[in-house]
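What follows is a set of notes on a single structure, which appears directly below.
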Amino acid sequence: MFKYFNQFMTAERNGLDVLVLDEAHRIRETSVDRYTKAELRTDRPQIDELIAAARVPVFLLDEHQVVRPGEMGSLEQIQRHATTIGLVTQHVHLGEQFRCGVSEEYVLGSSAYSG
């Protein structure tokens, strides 16, 4: 199952065992956008929706990537929100990377920035 971050607004609490969130540095303040139905418009933080959707949410992020305006998914922000709602986090640093379909120069050149 593949979904966008903003598609968990109405997800059942702990409805998934594991939710893997790739590119988590792209999390936004809320899931509301111009297409959101009026009855779903809230100020609920998107990070709260994502954490609530699964028993084990896994956030994969690269804090060295440039983020766009409105994106806010840093390690510190994720940990702070989890702590605020009484959850314990575990940070696992991934020191290596695998990129499929790119040149060897890209992988070697970007490994210094992998976090």
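Here E23 clears all of (1) on the phi > 0 side of the Ramachandran plot; (2) modelled with pLDDT of 95 or more except the condition numbered (2). When you check L61 against the structure, is it buried (at least 17 other Cβ atoms within 10 Å of the Cβ), modelled with pLDDT of 95 or more and under 11 Å from the mean Cα position of the chain (by Cα), yes or no? Here the answer is no, as L61 does not meet what is asked. Cβ-Cβ contacts under 7 Å between residues 6 or more apart (or on different chains), taken from a first residue in region 72-88 that is surrounded by 15 or more Cβ atoms within 10 Å (Cβ to Cβ) and of a type in the set (S, T, Y) to a second residue that is part of a helix (DSSP H, G or I) and modelled with pLDDT under 95, are listed as S74/H25. In the set (1) in contact with a His (Cβ under 9 Å, 6 or more places away or on another chain); (2) without any contact (Cβ under 8 Å) to a residue 40 or more places away in the chain, the condition left unmet by R44 is number (1). Of all the residues in region 1-35, those that are touching a helix residue (DSSP H, G or I) at 6+ places or on another chain (Cβ under 8 Å), surrounded by 12 or more Cβ atoms within 10 Å (Cβ to Cβ), free of Cβ contacts under 8 Å to residues at least 40 places away in the same chain and assigned to a loop (DSSP other than H, G, I, E, B) number 2.
The values are calculated or read from the model by the stated rules, or taken from the named source; none is laboratory data. Note that the structure is a prediction, hence the values are computed from the model and not measured. Every residue, glycine as well, gets a Cβ built from its backbone with ideal geometry; the counts of neighbours run over all protein chains shown.
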